[in-house]
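Below is one structure, written out as structure tokens; the observations come after it.
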Amino acid sequence: MSHFQIVRNISIVSSILLLTSCFNSDSREETAEEIASFQLNQTTEVGSNFQDCQFCPEMITIPAGQFRMGNDDFGPLHLVTINYAFAVAKFETTNQQWLDCSNDSVCIENPPDERNEIDISKRPVSDITWYDAMNYVKWLSKKTGQKYRLLSEAEWEYAARAGTTSVFYWGDEVGKNNANCATCDPAWEGTHPVDVGAQAANPFGLYDMAGNVHEWIEDCAWDKSYRGAPIDGSAWVEDRCRYRGIRGGSYGSHHQFIRSANRYQFEANDKHYFLGMRVARDIK
């Protein structure tokens with residue numbers, strides 16, 4: 001073997017070790033029996049925090065209720081009634097959680113863009129399509145025996161507002177230390193997401209419902225005035241959906257675009273560094 005080949009092989013091995021070191025290398029495998037036993041000690045009562053397995057997303061049970069959805073730019077305001085409790089992930093889905101799925105040969109391998117010594121395990125996963133997000137929730141559902149899914153658009157805004165009627169869930173001004181966006185204070189120069197939970201939670205206890213990464217939702221039907229949209233919290237879908245909704249804004253967004261009512265669509269096959277996800281779960 002030539003000197004060049006030896007150096008090249010050493011470089012490849014070093015790169016693999018460096019990338020692996022960005023994640024928790026401890027075993028995160030759990031048997032079905034361990035998961036079932038873990039769930040016996042959890043409660044899904046409204047307002048409670050729970051997990052369906054040791055390494056599953058932390059979930060918060062959201063109460064049933066009513067709210068006015070939309071605003072002057074994304075409206076008109078219309079009353080939505082959600083007459084059921086449901087659970088929402090406390091944080092956006094992280095790179096470490098995604099790695100658990102890819103290690104199980106279900107989710108795509110999604111190495112981070114930054115391959116230095118930076119620990120990105122607690123940053124939200126990004127650069128995923130809507131279909132990738134659906135693979136993750138299907139995997140999580142099978143792993144836990146529970147019904148995980150994406151939020152509907154109405155559920156997302158209800159959970160983000162958390163009983164507030166202001167522009168943002170913390171008030172009408174962007175303020176400081178409330179979100180990670182390009183014009184937020186402090187700003188990360190619109191370059192990358194930060195660890196989940198870096199800012200304060202909303203009144204429901206959910207983090208990063210504004211900024212950090214856009215979150216895929218279930219809905220695909222679209223009308224700027226919400227004509228024909230469901231008013232019961234269900235997803236607005238059609239037989240064939242080329243586009244899917246995203247919510248919440250991202251690290252690269254101007255603060256005007258991380259408002260609770262802001263809504264956008266992307267093609268379901270789109271992948272961008274600012275597109276991530278958050279899971280929801282049905283409560284039986």
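Just so you know, all these numbers are worked out from the coordinates, no wet-lab data involved. Only a predicted model underlies this, so the values are computations on that prediction, with no experimental measurement involved. FYI the Cβ positions are ideal-geometry reconstructions off the backbone, even for glycines, and counts take in every protein chain you see.
Miscellaneous remarks
- If the condition is being within 21 Å of the chain's Cα centre (by Cα) and in a loop (DSSP other than H, G, I, E, B), then region 223-244 contributes GLY233, SER234, ALA235, TRP236, VAL237, CYS241, ARG242.
- Of all residues in region 137-165, those that are over 14 Å from PHE86 (Cα atoms) have Cβ atoms under 6 Å from Cβ atoms of residues that are charged (D, E, K, R) and not in a loop (DSSP other than H, G, I, E, B), 6 or more apart or on another chain, in VAL137/ARG149.
- First in region 226-241 and closer than 22 Å to PRO63 by Cβ, second anywhere and hydroxyl-bearing (Ser, Thr, Tyr) and surrounded by fewer than 18 Cβ atoms within 10 Å (Cβ to Cβ), Cβ under 9 Å, 6 or more apart: ILE231/THR81; ASP232/THR81; GLY233/THR81; GLY233/TYR84
- Residues (without any contact (Cβ under 8 Å) to a residue 60 or more places away in the chain, among the polar types (S, T, N, Q) and crowded, with 23+ Cβ neighbours inside 10 Å) located in region 67-111: GLN97
- Filtered residues of region 233-254 (kept if crowded, with 21+ Cβ neighbours inside 10 Å and hydroxyl-bearing (Ser, Thr, Tyr)): SER250, TYR251, SER253
- Within region 34-60, being outside any loop (DSSP other than H, G, I, E, B) and under 27 Å from PHE257 (Cα atoms) holds for MET59, ILE60.
- Restricting region 136-158 to residues that are surrounded by fewer than 23 Cβ atoms within 10 Å (Cβ to Cβ) and among the small types (Gly, Ala, Ser), the residue that is nearest to the chain's Cα centre (by Cα) is SER141.
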